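A.B. asks: A single structure is presented below for examination.
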Amino acid sequence: MRYKFWNHRMLFVFVLAISSLSLMGQDLDAGKKVFRANCAACHAGDMKTKLTGPALGDVQSRWADYGGDEALYSWIRNSQALVGEGNERAVQIYEEYNKSVMTSFLNLSDDDIANLLGYIDIVYQNGPYPPVVVENGGGGNGGAGTPKDNTWLYIGLAVVLTLLALVLMRIVANLKDMILVKETGKEPEPKTLYQTITNSGVINFAIFALVIFGGYYTVSQAIDLGRQQGYQPIQPIKFSHKTHAGTQQIDCQYCHDGARRSKHSVIPAANTCMNCHKAIKVGSTYGTAEISKIYASIGYDPNKDLYIPDYDEMSNEDILKIYEKWITENSETDDVEEQLEGIMAALTNEELGDDKIAGPINWTRVYNLPDHVYFNHSQHVTVGKLECQTCHGPVEEMDVVKAHVPLSMGWCVNCHRKTEVQFAGNEYYKDYELYHQQLEDGTRTGVTVEEIGGTECQKCHY
Amino acid sequence: MENHKNNVWIGTDQLNNNPELAQAEQSEFKEKLPMAGEQGETELRLESNRRDFLKYLGFGIGAATIAACDIPVRKAIPYVVKPDSIVPGVATYFATSFVKGGDYCPVLVKTREGRPIKIEGNSLSSMTKGGTSAKAQASVLSLYDTSRFASPIGKGEGMNWSDFDKAVMTQMSEKAKIRIVANTIMSPSAKQAIADFTAAFPLTEVVMFDPISSSAILQANEESFGTAALPSYHFDEADVIVAVDCDFLGGWVSPTEFARQYASGRKVNTKHPKMSRHIQVESYMSLSGSNADNRVPLKPSEIGAFIVALYNEVAKAKGGTRVSGPKLDAAKQKKAAIIAKEMVAAPGKSLLVAGSNNKGEQILVNGINEMLGNYGRTLSFERPLLTRQGNGSAAARLIKEMNSKSVDVVIVMDGANPVYNFPNAVAFREAFAKVDLKISLSGTPNETSEECHYIAPNHHYLESWGDVEPKKGVYSLMQPTISPIFAAVGYAGTRQEGESLLVWSKSTNLDRSADQPYMEYVKAYWKANMFPQQSKISNFQQFWDASLHDGVFEAPIHDYVQNAFVGNTAAAAAKVRKPASSDLEITFYETVNMGGGEYANNPWLQELPDPVTRCVWGNYLAVPVTWDGGNSWSAYQGLNPEEFKGKADDVMLTVAGAEQKTTCVRQFGQPNGTTALALGYGRTVTGMMGRALGNKVGVNVNDWLKVDADGNVQYYATDAAIGAVVGEDEFACVQYHHTMGVTAKDESGAIVMNEAGDKPLNVDEKNIMTLGDGFQGGLTNRSIIYQDKLDNLPHLKEHIAERRAEADHLNKQTLYPFDQYTEELYSQGHHWAMHVDLNACIGCGACQVACVAENNVPVVGKREVYRHHEMTWLRIDRYYYGDYENPKTVYQPMMCQHCDNAPCENVCPVAATNHSSEGLNQMTYNRCIGTRYCANNCPFKVRRFNWLDYTTGDLFGGNEVLVNGEELPFGADNLTRMVLNPDVTVRSRGVIEKCSFCVQRIQEGKLTAKKEGRRLESPDVRSACQTACPTEAIVFGDRNDKHGDLAKRLENPLNYLVLEEINVQSSVYYAARVNNSKEELEA
């Protein structure tokens, strides 16, 4: 089912040149936005891979013979209208994709589409936009770069100072001895090094220091008990955010759709996965091994492209037979048994008494907030307009998700102290008349979350 | 007069100025920690000693270290296919109807992730207009009742449905004489299902009975107007309401609807100095009676004579024929004349209602209302009320038939419990044993299901499809808010009772292959019957969707003609009850929480104090209080001399020769020579073995009830006797708990002194002497309740203004710059406050249960309540004023007042309680270390301490004290825990908790406004108590919102702050209580 347009090589090069020229007036950032908001759910972000919808790279050239940009624009806005008109190319795509309808985007302006096409082209030719710059350890809290490690300097300094102290102690001890000799006329008794070190003052000091440092260490470690920064559990499915959010540029909230409207960001249901994986049945990294687990969870038969009726009542053996067939026929590797075992392991759970393959995937929570804390995603995402990455870190670069922040109260509170509320544009905050007055007067530049009560106990604990 | 105004009292011990009480009131807590002295050896599991402590310590450190290395793995399990209507973390609301026998309330059910967790009123209903009752609020808990049947049961064994149906159907032949016993059925589709069943078994008859019967009214109305139904009552249209032994606010017929109507005529304001007049004639202190303007106490046997007297007085004025009947003494006769005069003076604007179950009396009541021209105005048959349909004579016939073995099968519908509360229950029990096949459709075990051969458990109403017709032409739908619980987790599960009947009758109208057969059945019924009644929507599916969305549908009224009154009043007068000459009479009455006993295994209702007696977990014998003159009050036979110490007398009560042990409570307003005991208690089978919550709580009075010649149950007896005192009870009455200390002045205005007469009682003399009367906590002149007569309204307004100015003056003598705080902190953003209209509050307790449900307040049990450990965040204080033997009552909902100068905050050593910039007094549980200083310093006594591990929320349970001697406290079961509100923390032992102003709702409301980018409006934030209130007595809101609902309420000049003089700057405003009493009917 590959496109057959590659034979018009000359035309391709020509169009490429033209389209490169036409890039001049296009806003690539805006195009990227349009793409991510509207297209990324069905079309691959690299513009070269076929997903639910075709690979978009070089799309203009493919339409050139069938009404050119004008037809393409109306196709994007309302594909069914064009099919209805009988446009040859439109009907051809419609048939090719089993008559699945492309969503209408009537709200896209000509500029939007121009920007979008520009973006598609640049990605198709040059790879990800904006170009990825590989950084070392990027994405930290402050993002101010890694501070220089001074540990060795301190150790060196400590050794020098200790030596100095030893020398001084020796001198003092000897001087004392000399005074004693001078005053009493006794035989000099020069102290040995051992005697100097084991003198009661030194021992007391050492114990004192030990208690202080030990106490400090214990307390600071105890505070961290139960915190899970850096936690990176193995998940039942080797789902890669790097592939989905990174390479394919799928918007976070396409899958985690609760984040904008609920306290929970929501782990997507298997049917959300199926939006794309009905078409993409073999993965780029793990082949059939991982995607089959989704099918086994929801009861999709990839051999026949059908949801299996009465799937809940099927026995595990019957289920595995279906996927055995699929994996044997489609896997590039030779580990059918292993893959089937993987399905079993991912979808059953002895501890929870779940011995059926059919049913939900038991993911492992990465971020565990204590029960006595109320947290609401939509407050931060929709009202505060925060990026997911602010707290979750560069998820789009993670193959296995890792807890990026400690989720400690100090971490929350510090952020509430610094962060300014999105006062402008939200009628709700009109109630804060005094602050608005001060903002107008210029006696105030912004209002932090703390200043509207964001660090009070019952914002989070009730 | 000035002092009289605030001269409220709470009980005889307080009136007697008992010095021990004064002492007891000064300490916040009844006992000190540890509570070992209070506990028996068995309860205190002293498993640990010092060595154990060290072991735990070592283990704790070790465990924590290991825990730090090995992070506990927590799973997150998403949906496979997520339903569109559910967003995890966001509540979804469904409109449905709460129905239990004759109790009805249209509701919205809040569900989270598919779990119903809270009931709200449906404001689209024309009957309740969004109000709810305590019973409706508590009904969500019964969904998660651990004692519910999970599968059908045949002869004691669990079965699956197909075997069960086979077994039942082989035993029912077409010629079988079948009787279906049920409480009032208000569902048209259920009646259709019974009709379909009858088509297959033609010898089927339905016997409806009500646990608390109004069958005499039905009989009287049939005879008077040819309609065997209750009329619609319009308390809002009446200027003069006269209720004769009729608790229309507490339980009679349709209390939530009536409360709404009643309150609309009672909300008084200096701008609208007009309110309805309510006269209660009664033989016990009912909830309605306690709210009345004038109350005429009578013995129960005198009610008939009083109605005759009323009839004759009205007839005299209206020129009707007088009837002859039993006579009253002159004083009572005179009162009847005064009442009749008042009613006559308001033609068509008065309303006489009687709770009597005597046909003759009800015909006379109809005659009086007819003469007064009230039909078509304050009551009418335009939309007859269908909440009571039980028929006395059919009940008597059933017993006879069963005795003669002419009944083959008895099917008992869900909710009905005839073995316990059928009319003439003793006779029923004997006859019932003779039936060959008995099938119960009850969802939970009860006395009747124990006797049945087969049990086909019904769904809970929150799992059911159905409909209700509470009034003719007023329909209400019922839809499932959760899929049937037990079937979903591997049991055979429950099945809707209508469906069971249709299956057994092999009805072709039930499509058994459908996904939800009974839904299709109800839908088909609506398509055929309700859909044609309207013309607005032409497409049935749209009509169905709209009705389901709204929850209610009202068919337009067609031309209606009021039938003329044709009752024979002379014959009726001959039937009324005759005054008896016995020394002690007894009234059996219905309470707001227990109904006829159907709610016995709902611990939220068991633990809701009865508003009048303020007792929990049981029915208590109300004994009258007498004023002995001077400063001394005593009760009948000197019973219960020291109630405040938690002591009450157990006595042997004999009625009709049968005796039972009951516990007494002193009851103001109980007429001399009478006593009263509530119905609905003494159930013996209410739940599964060992966890029986409502088992043997209180006394079963049903066997004492007599049935008269018309088959009507009589709720009184004239041959009662209180025998010997047999012991002392742990008295679970909250009246003396958490008192604020009422004014310590006597009638004359003098400060009450101690026994030696040298020191003022309970008063800080130094403060009074140096700083003046009432300064900062002095008990001499406390502003807790303001009340006055309607005629004195300008005076009351002035008095309140004066007292508030005085308090303001005192409060200005402070070092703290309040004005500055207000300007800097509270003047912008939100500043939350609440307003409670004491005139609208009838004390029904719906708010209290709503608060329990919303805020995960634990159930503690009777013994814990006795020990002052009740956990409710909102209590309803009851104060009396006026005449000592026949007082008036004020109910005052009391919750955390969110003081802006809070005394509790200053004393917390760990700042676990502190203030927010929005004026909330915040409580942070995980910071609280349990010193209880805050509770000790709270002048309103609204902070609650978790003395024991009521929720099993603690980490190391092994060393905990048992709650009520049970291994697993109530609410610790996983099924019961499904009712918890996930947005509110479950508190563990050793922390203080209190009303948070529903901060979770505040936060949610603010977030909604923020997300929609608009200002916060009043409907965004409504506290749980506010939404539950049937009378709109409570309004919550933002003081800074000048156009909100609260702002309107705050304009009322009758508003005051409780204890304003102590300068705590509280945030809950109360509007003073006004009564419309007339001197000539006093005392």
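The values are calculated or read from the model by the stated rules, or taken from the named source; none is laboratory data. Since we're looking at a predicted model, the values are computed, not measured. Heads up, the Cβs are rebuilt from the backbone with ideal geometry, glycines too, and the neighbour counts pull from every protein chain shown.
A.B. asks: Counting just the residues of segment A:342-367 that are under 24 Å from the mean Cα position of the chain (by Cα) and among the hydroxyl-bearing types (Ser, Thr, Tyr), which one comes out nearest to the other protein chains (Cβ to nearest Cβ)?
C.D. replies: So, considering only residues that are under 24 Å from the mean Cα position of the chain (by Cα) and among the hydroxyl-bearing types (Ser, Thr, Tyr), the one nearest to the other protein chains (Cβ to nearest Cβ) is A:Thr364.
A.B. asks: Does any residue in segment A:208-229 that is on the phi < 0 side of the Ramachandran plot come within less than 7 Å, Cβ to Cβ, of a residue that is at pLDDT below 85 six or more places away or on a different chain, and which pairs are these?
C.D. replies: Every condition considered, the pairs that remain are A:Leu225/B:Ala64; A:Leu225/B:Ala67; A:Leu225/B:Ala68; A:Gln228/B:Ile71.
A.B. asks: Which of the residues belonging to segment A:195-245 are hydroxyl-bearing (Ser, Thr, Tyr) and either within 14 Å of another protein chain (Cβ to nearest Cβ) or surrounded by 13 or more Cβ atoms within 10 Å (Cβ to Cβ) (or both)? Reasoning before the result, please.
C.D. replies: Within segment A:195-245, the subset hydroxyl-bearing (Ser, Thr, Tyr) is A:196, A:198, A:200, A:216-218, A:220, A:231, A:240, A:243.
Residues satisfying the conditions are A:Thr196, A:Tyr217, A:Thr218, A:Ser220, A:Tyr231, A:Ser240, A:Thr243.
A.B. asks: Report yes if some residue within segment B:435-450 is charged (D, E, K, R), part of a helix (DSSP H, G or I) and within 20 Å of B:Pro211 (Cα to Cα); otherwise report no.
C.D. replies: Yes; the residues of segment B:435-450 include at least one that is charged (D, E, K, R), part of a helix (DSSP H, G or I) and within 20 Å of B:Pro211 (Cα to Cα).
A.B. asks: Also, I was wondering about something else. Mind telling me which of the residues A:Gln232, A:Gln228, A:Gln221 ends up being more than 30 Å from A:Gly57 (Cβ to Cβ), in contact with a Lys or Arg (Cβ under 6 Å, 6 or more places away or on another chain) and not hydrophobic (A, V, I, L, M, F, W, C)?
C.D. replies: A:Gln232
A.B. asks: Identify, by number, the condition in (1) at pLDDT 90 or above; (2) surrounded by fewer than 22 Cβ atoms within 10 Å (Cβ to Cβ) that B:Val489 doesn't meet.
C.D. replies: Going through the list (1) at pLDDT 90 or above; (2) surrounded by fewer than 22 Cβ atoms within 10 Å (Cβ to Cβ), B:Val489 breaks only (1).
A.B. asks: Ok, one more. Check A:Ser292, A:Ser297 and return the single one that is at pLDDT 90 or above, under 17 Å from A:Lys281 (Cα atoms), more than 12 Å from chain B (Cβ to nearest Cβ) and buried (at least 19 other Cβ atoms within 10 Å of the Cβ).
C.D. replies: Going through A:Ser292, A:Ser297 in turn, just one is at pLDDT 90 or above, under 17 Å from A:Lys281 (Cα atoms), more than 12 Å from chain B (Cβ to nearest Cβ) and buried (at least 19 other Cβ atoms within 10 Å of the Cβ): A:Ser292.
A.B. asks: What's the total number of residues in segment B:823-850 that are in contact (Cβ under 8 Å) with a residue 40 or more places away in the chain, within 14 Å of chain A (Cβ to nearest Cβ) and either on the phi < 0 side of the Ramachandran plot or among the hydrophobic types (A, V, I, L, M, F, W, C) (or both)?
C.D. replies: Matching residues across segment B:823-850 total 7.
A.B. asks: Considering only segment B:1010-1038, how many residues are buried (at least 21 other Cβ atoms within 10 Å of the Cβ) and within 14 Å of chain A (Cβ to nearest Cβ)?
C.D. replies: Counting residues in segment B:1010-1038 that are buried (at least 21 other Cβ atoms within 10 Å of the Cβ) and within 14 Å of chain A (Cβ to nearest Cβ) gives 7.
A.B. asks: Does segment A:258-272 contain any residue that is within 14 Å of chain B (Cβ to nearest Cβ), in contact with a Cys (Cβ under 8 Å, 6 or more places away or on another chain) and β-branched (Val, Ile, Thr)?
C.D. replies: Scanning segment A:258-272, I find at least one residue that is within 14 Å of chain B (Cβ to nearest Cβ), in contact with a Cys (Cβ under 8 Å, 6 or more places away or on another chain) and β-branched (Val, Ile, Thr), so the answer is yes.
A.B. asks: Go through segment A:151-187 and give me each residue that's exposed (fewer than 10 other Cβ atoms within 10 Å of the Cβ) and not in a helix (DSSP H, G or I).
C.D. replies: Result: A:Gly185, A:Glu187.
A.B. asks: Condition test on A:Ser408, is it away from chain B (no Cβ under 12 Å) and in contact with a Lys or Arg (Cβ under 7 Å, 6 or more places away or on another chain)?
C.D. replies: Yes, satisfied.
A.B. asks: Would you check if B:Arg495 is more than 26 Å from the chain's Cα centre (by Cα), of a type in the set (Lys, Arg), buried (at least 20 other Cβ atoms within 10 Å of the Cβ) and part of a loop (DSSP other than H, G, I, E, B)?
C.D. replies: In short, yes.
A.B. asks: Restricting attention to segment B:89-126, and to residues there that are modelled with pLDDT under 90 and surrounded by fewer than 22 Cβ atoms within 10 Å (Cβ to Cβ), which single residue is farthest from the other protein chains (Cβ to nearest Cβ)? Talk me through it step by step, then tell me what you get.
C.D. replies: Initial filter on segment B:89-126 (modelled with pLDDT under 90): B:101-102, B:113-114.
Restricting the remaining residues to those that are surrounded by fewer than 22 Cβ atoms within 10 Å (Cβ to Cβ) gives B:113-114.
Values: B:Glu113: 9, B:Gly114: 14 Å.
So, considering only residues that are modelled with pLDDT under 90 and surrounded by fewer than 22 Cβ atoms within 10 Å (Cβ to Cβ), the one farthest from the other protein chains (Cβ to nearest Cβ) is B:Gly114.
A.B. asks: A further question follows. Of all residues in segment A:442-462, which are facing chain B (nearest Cβ under 7 Å) and in contact with a strand residue (DSSP E or B) (Cβ under 9 Å, 6 or more places away or on another chain)?
C.D. replies: A:Glu456, A:Cys457, A:Gln458, A:His461, A:Tyr462
A.B. asks: Would you be able to say whether some residue in segment B:858-875 is crowded, with 20+ Cβ neighbours inside 10 Å and without any contact (Cβ under 8 Å) to a residue 60 or more places away in the chain?
C.D. replies: No, segment B:858-875 has no match at all.
Results for (1) over 30 Å from B:Lys523 (Cα atoms); (2) surrounded by 17 or more Cβ atoms within 10 Å (Cβ to Cβ), shown as yes or no for each residue.
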position: B:Ile537; (1), (2): no, no
position: B:Ala546; (1), (2): no, no
position: B:Asp559; (1), (2): no, no
position: B:Ala571; (1), (2): yes, no
position: B:Val576; (1), (2): yes, yes
position: B:Glu585; (1), (2): yes, yes
position: B:Glu590; (1), (2): yes, yes
position: B:Gln606; (1), (2): yes, yes
position: B:Asp610; (1), (2): yes, yes
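A.B. asks: So, one more: Every residue in segment A:368-380 that is within 18 Å of the chain's Cα centre (by Cα) and facing another protein chain (nearest Cβ under 7 Å), please.
C.D. replies: If the condition is that a residue be within 18 Å of the chain's Cα centre (by Cα) and facing another protein chain (nearest Cβ under 7 Å), then A:Asn368, A:Ser378 are the ones that fit.
A.B. asks: Taking segment A:420-452 on its own, how many of its residues are outside any helix (DSSP H, G or I) and buried (at least 18 other Cβ atoms within 10 Å of the Cβ)?
C.D. replies: The number of residues fulfilling the criteria is 5.
A.B. asks: Let me ask you something else. Looking at segment B:774-885, what helices (runs of 4 or more DSSP H) fall wholly within it and have at least 3 residues that are within 18 Å of the chain's Cα centre (by Cα) and at pLDDT 90 or above?
C.D. replies: B:846-854
Condition check ((1) closer than 20 Å to B:Phe428 by Cβ; (2) crowded, with 22+ Cβ neighbours inside 10 Å) across all residues:
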| residue | (1), (2) |
| --- | --- |
| B:Phe201 | no, no |
| B:Glu205 | yes, no |
| B:Met208 | yes, no |
| B:Ile212 | yes, yes |
| B:Glu222 | no, no |
| B:Ala228 | no, no |
| B:Ser232 | no, no |
| B:Asp236 | no, no |
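A.B. asks: Residues B:Phe149, B:Phe164: which one is surrounded by 15 or more Cβ atoms within 10 Å (Cβ to Cβ), among the aromatic types (Phe, Trp, Tyr), part of a helix (DSSP H, G or I) and modelled with pLDDT of 90 or more?
C.D. replies: B:Phe164
A.B. asks: Report, by residue number, each residue of segment A:300-313 that is within 19 Å of A:Gly342 (Cβ to Cβ) and more than 14 Å from chain B (Cβ to nearest Cβ).
C.D. replies: Across segment A:300-313, the qualifying residues are A:Asp301, A:Pro302, A:Asn303.
A.B. asks: Now for a different question. Just to verify a result, which residue in segment A:430-441, among those that are in contact (Cβ under 8 Å) with a residue 12 or more places away in the chain and touching a helix residue (DSSP H, G or I) at 6+ places or on another chain (Cβ under 9 Å), is farthest from the other protein chains (Cβ to nearest Cβ)?
C.D. replies: Residue satisfying both the conditions and the ranking: A:His436.
A.B. asks: Another question, then. Looking at segment B:127-140, which of its residues are buried (at least 23 other Cβ atoms within 10 Å of the Cβ) and not β-branched (Val, Ile, Thr)?
C.D. replies: Passing the criteria: B:Met127, B:Gly131, B:Ser133, B:Ala134, B:Lys135, B:Ala136, B:Gln137, B:Ala138, B:Ser139.
A.B. asks: Shifting gears a bit: Of the residues that sit in segment B:988-997 and are modelled with pLDDT of 90 or more and assigned to a loop (DSSP other than H, G, I, E, B), which one is farthest from B:Val140 (Cα to Cα)?
C.D. replies: B:Val991
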